[in-house]
Amino acid sequence: MILSERATQVKTSASLKVTAKAVNMNISGFDVINLGTGEVDFSTPLHIKEAAAHAIGTDLPKYTAVEGIKRLREAVCEKTFSDYGLQYEPENVVISNGAKQALMNTVFSLVGQNDEVIISAPYWQSYVELVLLAGGVPVIVYTREEHGYKITTDELKKVVTPKTKAIIINSPNNPTGAVYTESELRAIADFVCENDLFVISDEVYDKMIYSRKVKFLSIASLGEEIKKRTVVINSLSKTYSMTAWRIGYALADKKIARTMANIQSHTTSNVNVISQVAALAALEGGDECVNTLVNELKRRRDYMVQRISDLPYLRSLKPVGGLYILVNVSRLYGGSVDGIEITTGRDVAKILLRKYNLAVVAGDVFGCEDCIRLSFAASMEDIIVGINRIENFIKQNF
Ligand code: PLP
(Lines give C-alpha, C1' and ligand atoms only; values in the text may rest on other atoms or scores of the structure.)
Protein backbone atom coordinates (compact mmCIF):
# COMPACT_ATOMS: atom_id res chain seq x y z
CA MET A 1 0.00 0.00 0.00
CA ILE A 2 1.57 3.26 -1.07
CA LEU A 3 0.23 6.49 0.35
CA SER A 4 0.60 9.91 -1.22
CA GLU A 5 4.26 10.95 -1.22
CA ARG A 6 3.33 14.55 -0.46
CA ALA A 7 1.11 13.60 2.46
CA THR A 8 3.53 11.14 4.04
CA GLN A 9 6.26 13.76 4.07
CA VAL A 10 4.24 16.00 6.38
CA LYS A 11 5.93 16.21 9.77
CA THR A 12 3.94 15.96 12.98
CA SER A 13 3.21 19.26 14.72
CA ALA A 14 5.98 19.36 17.34
CA SER A 15 4.17 21.29 20.06
CA LEU A 16 1.10 19.06 19.82
CA LYS A 17 3.38 16.01 19.98
CA VAL A 18 5.23 17.28 23.06
CA THR A 19 1.93 18.06 24.77
CA ALA A 20 0.57 14.57 24.00
CA LYS A 21 3.76 13.05 25.41
CA ALA A 22 3.53 15.15 28.58
CA VAL A 23 -0.13 14.19 29.06
CA ASN A 24 0.66 10.48 28.58
CA MET A 25 3.58 10.62 30.99
CA ASN A 26 1.36 12.30 33.58
CA ILE A 27 -1.26 9.57 33.14
CA SER A 28 1.50 7.01 33.75
CA GLY A 29 2.29 8.69 37.08
CA PHE A 30 5.11 11.08 36.16
CA ASP A 31 4.83 14.65 37.35
CA VAL A 32 5.58 16.38 34.06
CA ILE A 33 5.49 20.16 33.78
CA ASN A 34 4.60 21.30 30.28
CA LEU A 35 6.31 24.45 29.02
CA GLY A 36 5.83 23.24 25.45
CA THR A 37 2.39 24.51 24.55
CA GLY A 38 1.19 27.92 23.48
CA GLU A 39 -2.08 27.63 25.31
CA VAL A 40 -2.84 29.96 28.19
CA ASP A 41 -4.18 28.36 31.35
CA PHE A 42 -7.00 30.97 31.62
CA SER A 43 -10.60 29.80 31.20
CA THR A 44 -12.56 31.17 28.29
CA PRO A 45 -14.26 34.32 29.70
CA LEU A 46 -17.71 33.71 31.18
CA HIS A 47 -19.64 36.04 28.84
CA ILE A 48 -18.35 34.06 25.87
CA LYS A 49 -19.30 30.71 27.37
CA GLU A 50 -22.73 32.05 28.35
CA ALA A 51 -23.38 33.27 24.81
CA ALA A 52 -22.53 29.79 23.50
CA ALA A 53 -24.71 28.06 26.12
CA HIS A 54 -27.61 30.34 25.30
CA ALA A 55 -27.13 29.74 21.58
CA ILE A 56 -27.44 25.98 22.03
CA GLY A 57 -30.89 26.50 23.51
CA THR A 58 -32.13 28.50 20.52
CA ASP A 59 -32.95 27.56 16.95
CA LEU A 60 -29.54 28.15 15.46
CA PRO A 61 -29.03 28.34 11.71
CA LYS A 62 -27.98 24.96 10.34
CA TYR A 63 -25.28 25.08 7.67
CA THR A 64 -24.24 28.71 7.73
CA ALA A 65 -22.51 30.55 4.89
CA VAL A 66 -19.16 28.81 4.36
CA GLU A 67 -17.30 32.05 5.11
CA GLY A 68 -19.21 32.55 8.37
CA ILE A 69 -22.38 34.30 9.52
CA LYS A 70 -22.58 37.87 8.25
CA ARG A 71 -22.88 39.46 11.70
CA LEU A 72 -19.64 37.80 12.80
CA ARG A 73 -17.83 38.96 9.67
CA GLU A 74 -19.16 42.46 10.31
CA ALA A 75 -17.91 42.28 13.88
CA VAL A 76 -14.44 41.25 12.65
CA CYS A 77 -14.43 44.29 10.36
CA GLU A 78 -15.59 46.63 13.15
CA LYS A 79 -12.95 45.33 15.56
CA THR A 80 -10.16 45.51 12.98
CA PHE A 81 -11.16 49.08 12.19
CA SER A 82 -11.49 50.22 15.80
CA ASP A 83 -8.20 48.56 16.84
CA TYR A 84 -6.03 49.36 13.84
CA GLY A 85 -7.95 51.72 11.55
CA LEU A 86 -7.92 49.05 8.86
CA GLN A 87 -11.05 49.05 6.73
CA TYR A 88 -12.54 45.80 5.43
CA GLU A 89 -16.00 44.68 4.36
CA PRO A 90 -17.66 41.38 5.27
CA GLU A 91 -16.85 40.10 1.74
CA ASN A 92 -13.15 40.38 2.64
CA VAL A 93 -13.54 38.03 5.62
CA VAL A 94 -13.45 34.24 5.82
CA ILE A 95 -14.08 32.63 9.21
CA SER A 96 -12.23 29.34 9.56
CA ASN A 97 -11.45 26.58 12.03
CA GLY A 98 -8.65 28.43 13.74
CA ALA A 99 -5.85 30.42 12.15
CA LYS A 100 -4.51 27.08 10.97
CA GLN A 101 -7.32 26.56 8.50
CA ALA A 102 -7.20 30.24 7.50
CA LEU A 103 -3.52 29.74 6.70
CA MET A 104 -4.20 26.56 4.79
CA ASN A 105 -6.92 28.26 2.73
CA THR A 106 -4.53 31.14 2.06
CA VAL A 107 -1.57 29.03 1.04
CA PHE A 108 -3.72 26.83 -1.19
CA SER A 109 -5.25 29.94 -2.80
CA LEU A 110 -1.95 31.67 -3.54
CA VAL A 111 0.70 29.01 -3.99
CA GLY A 112 0.85 26.86 -7.10
CA GLN A 113 3.13 23.96 -8.01
CA ASN A 114 6.81 24.95 -7.48
CA ASP A 115 5.95 28.50 -6.43
CA GLU A 116 8.40 29.75 -3.84
CA VAL A 117 7.38 31.18 -0.49
CA ILE A 118 9.90 33.03 1.65
CA ILE A 119 9.78 32.07 5.32
CA SER A 120 12.11 33.61 7.88
CA ALA A 121 13.61 31.25 10.44
CA PRO A 122 13.01 30.79 13.31
CA TYR A 123 9.49 30.09 12.00
CA TRP A 124 6.28 28.52 13.16
CA GLN A 125 6.46 24.94 11.93
CA SER A 126 3.13 24.77 10.07
CA TYR A 127 4.17 27.40 7.46
CA VAL A 128 6.72 25.04 5.98
CA GLU A 129 4.40 22.03 6.03
CA LEU A 130 1.51 23.93 4.45
CA VAL A 131 3.65 25.28 1.61
CA LEU A 132 4.98 21.78 0.92
CA LEU A 133 1.47 20.32 1.02
CA ALA A 134 0.36 22.86 -1.58
CA GLY A 135 3.21 21.76 -3.87
CA GLY A 136 5.18 24.95 -3.25
CA VAL A 137 8.78 25.41 -2.21
CA PRO A 138 9.56 26.97 1.18
CA VAL A 139 12.60 29.22 0.90
CA ILE A 140 14.00 29.54 4.38
CA VAL A 141 15.96 32.63 5.36
CA TYR A 142 17.91 32.13 8.59
CA THR A 143 17.66 35.47 10.37
CA ARG A 144 20.30 36.65 12.79
CA GLU A 145 20.01 36.93 16.53
CA GLU A 146 21.77 40.31 16.39
CA HIS A 147 18.96 41.54 14.09
CA GLY A 148 16.44 40.43 16.69
CA TYR A 149 15.58 37.50 14.38
CA LYS A 150 13.87 39.84 11.94
CA ILE A 151 14.21 39.49 8.19
CA THR A 152 15.73 42.41 6.29
CA THR A 153 15.25 43.52 2.69
CA ASP A 154 18.92 42.72 2.01
CA GLU A 155 18.18 39.13 2.93
CA LEU A 156 15.00 39.18 0.83
CA LYS A 157 16.87 40.50 -2.20
CA LYS A 158 19.27 37.55 -2.04
CA VAL A 159 16.54 34.91 -2.25
CA VAL A 160 13.83 36.43 -4.45
CA THR A 161 13.44 34.77 -7.86
CA PRO A 162 10.85 34.95 -10.67
CA LYS A 163 9.16 31.99 -8.92
CA THR A 164 8.71 33.80 -5.60
CA LYS A 165 5.02 34.14 -4.86
CA ALA A 166 4.75 35.26 -1.27
CA ILE A 167 6.44 36.12 1.99
CA ILE A 168 5.14 34.97 5.34
CA ILE A 169 5.46 37.50 8.16
CA ASN A 170 4.62 36.62 11.75
CA SER A 171 4.70 39.55 14.16
CA PRO A 172 4.68 39.13 17.15
CA ASN A 173 6.62 36.02 16.32
CA ASN A 174 6.37 32.45 17.44
CA PRO A 175 8.96 31.34 18.60
CA THR A 176 11.20 34.44 18.92
CA GLY A 177 8.83 37.06 20.36
CA ALA A 178 10.11 39.59 17.80
CA VAL A 179 7.78 42.44 16.80
CA TYR A 180 8.43 44.33 13.56
CA THR A 181 8.59 48.12 13.67
CA GLU A 182 6.84 50.41 11.23
CA SER A 183 10.01 51.15 9.28
CA GLU A 184 10.89 47.46 9.03
CA LEU A 185 7.40 46.66 7.76
CA ARG A 186 7.52 49.57 5.31
CA ALA A 187 10.73 48.26 3.81
CA ILE A 188 9.18 44.80 3.40
CA ALA A 189 5.97 46.30 1.96
CA ASP A 190 7.97 48.25 -0.66
CA PHE A 191 9.89 45.12 -1.55
CA VAL A 192 6.66 43.13 -1.92
CA CYS A 193 5.07 45.74 -4.20
CA GLU A 194 8.21 46.17 -6.32
CA ASN A 195 8.47 42.41 -6.84
CA ASP A 196 4.77 41.74 -7.39
CA LEU A 197 4.43 39.39 -4.40
CA PHE A 198 1.83 38.57 -1.75
CA VAL A 199 2.27 38.79 2.01
CA ILE A 200 0.72 36.31 4.39
CA SER A 201 0.71 38.23 7.68
CA ASP A 202 0.07 35.97 10.67
CA GLU A 203 -1.12 38.31 13.42
CA VAL A 204 -2.51 35.83 15.96
CA TYR A 205 -0.39 37.38 18.74
CA ASP A 206 -1.32 41.00 17.91
CA LYS A 207 -2.60 41.70 21.43
CA MET A 208 0.32 40.02 23.17
CA ILE A 209 2.86 42.81 23.33
CA TYR A 210 4.58 43.58 26.63
CA SER A 211 6.34 46.86 26.06
CA ARG A 212 4.52 50.19 26.25
CA LYS A 213 6.97 51.58 23.72
CA VAL A 214 5.99 49.02 21.08
CA LYS A 215 2.69 49.18 19.21
CA PHE A 216 1.33 46.44 17.03
CA LEU A 217 1.15 47.36 13.38
CA SER A 218 -0.27 45.31 10.53
CA ILE A 219 1.67 45.50 7.28
CA ALA A 220 -1.73 45.77 5.56
CA SER A 221 -2.22 49.20 7.10
CA LEU A 222 0.70 50.70 5.18
CA GLY A 223 -1.23 51.68 2.05
CA GLU A 224 -3.80 50.44 -0.44
CA GLU A 225 -1.30 48.62 -2.66
CA ILE A 226 0.19 46.51 0.13
CA LYS A 227 -3.26 45.94 1.64
CA LYS A 228 -4.43 44.35 -1.64
CA ARG A 229 -1.41 42.07 -1.60
CA THR A 230 -1.75 41.03 2.04
CA VAL A 231 -3.78 38.27 3.59
CA VAL A 232 -4.10 39.03 7.29
CA ILE A 233 -4.51 35.95 9.47
CA ASN A 234 -5.91 36.23 12.96
CA SER A 235 -7.55 34.06 15.57
CA LEU A 236 -9.51 34.15 18.78
CA SER A 237 -7.53 31.19 20.14
CA LYS A 238 -4.91 33.08 22.09
CA THR A 239 -6.55 36.48 22.62
CA TYR A 240 -9.71 35.11 24.23
CA SER A 241 -8.35 31.80 25.59
CA MET A 242 -10.45 29.98 23.01
CA THR A 243 -7.96 27.52 21.51
CA ALA A 244 -10.34 24.57 21.34
CA TRP A 245 -13.27 26.59 20.01
CA ARG A 246 -11.42 26.76 16.68
CA ILE A 247 -12.17 30.26 15.46
CA GLY A 248 -9.77 32.05 13.18
CA TYR A 249 -10.17 34.32 10.22
CA ALA A 250 -8.53 35.76 7.16
CA LEU A 251 -8.89 39.29 5.80
CA ALA A 252 -8.10 39.50 2.13
CA ASP A 253 -8.87 41.05 -1.20
CA LYS A 254 -12.39 39.91 -2.21
CA LYS A 255 -11.19 37.66 -5.02
CA ILE A 256 -8.75 35.89 -2.70
CA ALA A 257 -11.43 35.64 0.01
CA ARG A 258 -13.83 34.00 -2.47
CA THR A 259 -11.17 31.51 -3.49
CA MET A 260 -10.47 30.67 0.14
CA ALA A 261 -14.17 30.17 0.87
CA ASN A 262 -14.39 27.91 -2.17
CA ILE A 263 -11.60 25.72 -0.83
CA GLN A 264 -13.21 25.66 2.60
CA SER A 265 -16.56 24.68 1.01
CA HIS A 266 -14.95 21.38 -0.05
CA THR A 267 -13.13 20.68 3.20
CA THR A 268 -15.06 21.67 6.33
CA SER A 269 -17.79 24.06 5.14
CA ASN A 270 -18.65 26.56 7.88
CA VAL A 271 -17.07 26.65 11.35
CA ASN A 272 -19.50 25.17 13.86
CA VAL A 273 -22.21 27.71 14.57
CA ILE A 274 -21.91 27.64 18.37
CA SER A 275 -18.30 28.77 18.10
CA GLN A 276 -19.36 31.48 15.66
CA VAL A 277 -21.89 32.82 18.18
CA ALA A 278 -19.25 32.62 20.92
CA ALA A 279 -16.78 34.48 18.70
CA LEU A 280 -19.30 37.25 18.16
CA ALA A 281 -19.73 37.60 21.94
CA ALA A 282 -15.94 37.74 22.31
CA LEU A 283 -15.48 40.47 19.71
CA GLU A 284 -18.40 42.52 21.05
CA GLY A 285 -17.60 41.95 24.72
CA GLY A 286 -14.88 44.54 25.23
CA ASP A 287 -11.18 44.16 25.92
CA GLU A 288 -11.16 43.91 29.70
CA CYS A 289 -10.57 40.16 29.65
CA VAL A 290 -7.81 40.62 27.08
CA ASN A 291 -6.07 43.28 29.18
CA THR A 292 -6.21 41.08 32.28
CA LEU A 293 -4.68 38.21 30.31
CA VAL A 294 -1.93 40.32 28.76
CA ASN A 295 -0.96 41.86 32.14
CA GLU A 296 -0.61 38.40 33.64
CA LEU A 297 1.37 37.15 30.64
CA LYS A 298 3.73 40.09 31.02
CA ARG A 299 4.32 39.12 34.66
CA ARG A 300 5.10 35.55 33.60
CA ARG A 301 7.36 36.66 30.75
CA ASP A 302 9.31 38.98 33.05
CA TYR A 303 9.78 36.24 35.61
CA MET A 304 10.88 33.69 33.03
CA VAL A 305 13.27 36.09 31.32
CA GLN A 306 14.86 37.01 34.65
CA ARG A 307 15.30 33.39 35.77
CA ILE A 308 16.75 32.31 32.41
CA SER A 309 19.16 35.24 32.32
CA ASP A 310 20.34 34.32 35.86
CA LEU A 311 21.29 30.81 34.71
CA PRO A 312 24.75 30.12 33.32
CA TYR A 313 25.21 28.68 29.80
CA LEU A 314 21.82 29.86 28.50
CA ARG A 315 21.18 32.82 26.22
CA SER A 316 17.93 34.37 25.07
CA LEU A 317 16.52 37.59 23.69
CA LYS A 318 13.78 39.22 25.71
CA PRO A 319 10.58 38.54 23.77
CA VAL A 320 8.69 41.76 23.04
CA GLY A 321 5.51 39.85 22.27
CA GLY A 322 4.01 36.40 21.78
CA LEU A 323 4.01 33.57 24.29
CA TYR A 324 7.50 32.12 24.08
CA ILE A 325 11.16 32.47 24.91
CA LEU A 326 13.65 30.97 22.53
CA VAL A 327 16.67 29.85 24.53
CA ASN A 328 20.03 29.18 22.91
CA VAL A 329 21.64 26.16 24.59
CA SER A 330 24.75 25.78 22.42
CA ARG A 331 27.07 26.49 25.35
CA LEU A 332 25.98 23.17 26.82
CA TYR A 333 27.37 21.29 23.81
CA GLY A 334 29.99 18.72 24.66
CA GLY A 335 28.25 17.78 27.91
CA SER A 336 26.47 14.49 28.39
CA VAL A 337 23.75 13.25 30.75
CA ASP A 338 23.13 9.54 31.29
CA GLY A 339 24.64 8.63 27.95
CA ILE A 340 22.83 11.36 26.00
CA GLU A 341 25.47 13.57 24.42
CA ILE A 342 24.45 17.16 23.95
CA THR A 343 25.01 18.32 20.39
CA THR A 344 21.70 20.11 19.66
CA GLY A 345 18.71 21.70 21.37
CA ARG A 346 16.87 18.44 20.70
CA ASP A 347 19.27 16.59 23.04
CA VAL A 348 18.58 19.15 25.77
CA ALA A 349 14.82 18.78 25.27
CA LYS A 350 15.18 15.00 25.47
CA ILE A 351 17.16 15.15 28.72
CA LEU A 352 14.76 17.66 30.27
CA LEU A 353 11.80 15.41 29.54
CA ARG A 354 13.37 12.07 30.43
CA LYS A 355 15.39 13.10 33.47
CA TYR A 356 13.71 16.24 34.75
CA ASN A 357 10.05 15.73 33.80
CA LEU A 358 9.97 18.99 31.89
CA ALA A 359 8.41 19.24 28.43
CA VAL A 360 9.84 21.91 26.11
CA VAL A 361 9.97 22.07 22.31
CA ALA A 362 13.27 21.41 20.53
CA GLY A 363 14.25 24.34 18.30
CA ASP A 364 15.00 22.33 15.15
CA VAL A 365 11.28 22.27 14.30
CA PHE A 366 11.46 26.09 14.13
CA GLY A 367 14.64 26.02 12.04
CA CYS A 368 16.79 26.80 15.08
CA GLU A 369 18.79 23.70 16.07
CA ASP A 370 20.71 25.38 18.87
CA CYS A 371 17.59 26.36 20.79
CA ILE A 372 14.74 25.14 22.90
CA ARG A 373 11.42 26.99 23.16
CA LEU A 374 9.74 27.65 26.49
CA SER A 375 6.16 28.87 26.74
CA PHE A 376 5.11 31.37 29.39
CA ALA A 377 1.45 30.61 28.68
CA ALA A 378 1.75 27.97 31.43
CA SER A 379 0.62 28.88 34.95
CA MET A 380 3.04 30.83 37.15
CA GLU A 381 3.33 27.78 39.46
CA ASP A 382 4.34 25.57 36.53
CA ILE A 383 6.77 28.18 35.25
CA ILE A 384 8.49 28.38 38.64
CA VAL A 385 8.80 24.60 38.97
CA GLY A 386 9.78 24.23 35.31
CA ILE A 387 12.62 26.75 35.56
CA ASN A 388 13.76 25.18 38.85
CA ARG A 389 14.10 21.93 36.93
CA ILE A 390 16.24 23.60 34.26
CA GLU A 391 18.36 25.09 37.04
CA ASN A 392 18.83 21.64 38.61
CA PHE A 393 19.71 20.17 35.22
CA ILE A 394 22.47 22.75 34.79
CA LYS A 395 23.75 22.65 38.39
CA GLN A 396 23.91 18.88 38.48
CA ASN A 397 25.65 18.38 35.15
CA PHE A 398 27.83 21.38 34.32
N1 PLP B 1 -0.08 31.02 13.94
C2 PLP B 1 0.83 30.95 14.92
C3 PLP B 1 2.06 31.78 14.81
C4 PLP B 1 0.62 30.13 16.03
O5 PLP B 1 1.54 30.07 16.99
C6 PLP B 1 -0.57 29.36 16.09
C7 PLP B 1 -0.82 28.45 17.21
O8 PLP B 1 -0.01 28.16 18.03
C9 PLP B 1 -1.49 29.47 15.05
C10 PLP B 1 -1.22 30.31 13.98
C11 PLP B 1 -2.76 28.66 15.02
O12 PLP B 1 -3.72 29.16 15.85
P13 PLP B 1 -5.20 28.58 15.87
O14 PLP B 1 -5.40 27.94 17.19
O15 PLP B 1 -6.09 29.77 15.69
O16 PLP B 1 -5.33 27.61 14.75
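Val137 falls short on exactly one of the conditions (1) more than 21 Å from Tyr324 (Cβ to Cβ); (2) free of Cβ contacts under 8 Å to residues at least 24 places away in the same chain; (3) touching a strand residue (DSSP E or B) at 6+ places or on another chain (Cβ under 7 Å), and that condition is (2). Cβ-Cβ contacts under 6 Å between residues 6 or more apart (or on different chains), taken from a first residue in the stretch 95-109 that is touching a residue at least 12 places away in the same chain (Cβ under 8 Å) to a second residue that is open to solvent by 30 Å² or more (accessible area, probe 1.4 Å) and more than 10 Å from the ligand (Cβ to nearest atom), are listed as Asn97/Thr268; Asn105/Ile263; Phe108/Ile263; Ser109/Thr259.
Evaluate the following for Leu197: is it within 22 Å of Tyr210 (Cα to Cα) and either over 21 Å from the mean Cα position of the chain (by Cα) or open to solvent by less than 40 Å² (accessible area, probe 1.4 Å) (or both)? Even if it seems obvious, please write down each step before you answer.
Working: within 22 Å of Tyr210 (Cα to Cα): no; either over 21 Å from the mean Cα position of the chain (by Cα) or open to solvent by less than 40 Å² (accessible area, probe 1.4 Å) (or both): yes.
Taking the combined requirement at face value, the residue does not satisfy it.
When Lys207, Lys213, Lys163, Lys227 are checked against the criterion of being within 14 Å of the ligand (Cβ to nearest atom) and open to solvent by 30 Å² or more (accessible area, probe 1.4 Å), Lys207 stands alone in meeting it. You will find that of Leu60, Leu132, the residue that is open to solvent by 10 Å² or more (accessible area, probe 1.4 Å), of a type in the set (A, V, I, L, M), away from the ligand (no atom under 16 Å from the Cβ) and under 19 Å from Thr12 (Cα atoms) is Leu132 and no other. Quick one: in the stretch 35-61, of everything that is among the aliphatic types (A, V, I, L, M) and without any contact (Cβ under 8 Å) to a residue 40 or more places away in the chain, which residue is farthest from Tyr205 (Cα to Cα)? Out of the qualifying residues, it is Ala53.
Residue by residue, here is whether (1) within 16 Å of the ligand (Cβ to nearest atom); (2) within 30 Å of Cys77 (Cα to Cα); (3) over 23 Å from the mean Cα position of the chain (by Cα); (4) free of Cβ contacts under 8 Å to residues at least 40 places away in the same chain holds:
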| site | (1), (2), (3), (4) |
| --- | --- |
| Gln276 | yes, yes, no, no |
| Leu314 | no, no, yes, no |
| Val320 | yes, yes, no, no |
| Arg331 | no, no, yes, yes |
| Thr343 | no, no, yes, yes |
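With respect to the stated conditions, Gly248 is touching a helix residue (DSSP H, G or I) at 6+ places or on another chain (Cβ under 6 Å), in contact (Cβ under 8 Å) with a residue 24 or more places away in the chain and either of a type outside the set (A, V, I, L, M, F, W, C) or open to solvent by 40 Å² or more (accessible area, probe 1.4 Å) (or both). Number of residues in the stretch 119-147 that are at pLDDT 95 or above and not in a helix (DSSP H, G or I) equals 16. Looking at the stretch 63-100 only, could you name the residues that are out of contact with any helix residue (DSSP H, G or I) (no Cβ under 7 Å at 6 or more places or on another chain) and open to solvent by 50 Å² or more (accessible area, probe 1.4 Å)? Passing the criteria: Tyr63, Glu78, Phe81, Ser82, Asp83. In this structure, is Val94 within 16 Å of the ligand (Cβ to nearest atom), part of a strand (DSSP E or B), aliphatic (A, V, I, L, M) and touching a Gly at 6+ places or on another chain (Cβ under 8 Å)? It is true that Val94 is within 16 Å of the ligand (Cβ to nearest atom), part of a strand (DSSP E or B), aliphatic (A, V, I, L, M) and touching a Gly at 6+ places or on another chain (Cβ under 8 Å). Is one or more of the residues making up the stretch 16-29 open to solvent by 30 Å² or more (accessible area, probe 1.4 Å), assigned to a loop (DSSP other than H, G, I, E, B) and away from the ligand (no atom under 14 Å from the Cβ)? The answer is yes, given that some residue of the stretch 16-29 is open to solvent by 30 Å² or more (accessible area, probe 1.4 Å), assigned to a loop (DSSP other than H, G, I, E, B) and away from the ligand (no atom under 14 Å from the Cβ).
Taken together, the residues in the stretch 64-91 that are among the β-branched types (Val, Ile, Thr) and assigned to a loop (DSSP other than H, G, I, E, B) amount to 3. Evaluation of Met104 against the conditions (1) open to solvent by less than 20 Å² (accessible area, probe 1.4 Å); (2) among the hydrophobic types (A, V, I, L, M, F, W, C); (3) within 16 Å of the ligand (Cβ to nearest atom) shows that the sole unmet condition is (1). Summed over the stretch 1-15, the residues that are farther than 20 Å from Gly136 by Cβ and surrounded by 15 or more Cβ atoms within 10 Å (Cβ to Cβ) give a count of 2. Picking from residues in the stretch 345-368 that are in contact with a helix residue (DSSP H, G or I) (Cβ under 6 Å, 6 or more places away or on another chain) and open to solvent by 50 Å² or more (accessible area, probe 1.4 Å), the one that is farthest from Val23 (Cα to Cα) is Asp364. For the stretch 328-336, the criterion of a residue being surrounded by 22 or more Cβ atoms within 10 Å (Cβ to Cβ), modelled with pLDDT of 95 or more, part of a strand (DSSP E or B) and in contact with a strand residue (DSSP E or B) (Cβ under 6 Å, 6 or more places away or on another chain) is satisfied by no position.
The values are calculated or read from the model by the stated rules, or taken from the named source; none is laboratory data. Predicted model only: the values in this text are computed from it and were never measured. Ideal geometry is used to build each Cβ from the backbone, glycine not excepted, and the neighbour counts take in all protein chains shown. The accessibility values were calculated without ligands, DNA or RNA, using every heavy atom of the protein model including side chains. Shrake-Rupley method; radii C 1.70, N 1.55, O 1.52, S 1.80 Å.
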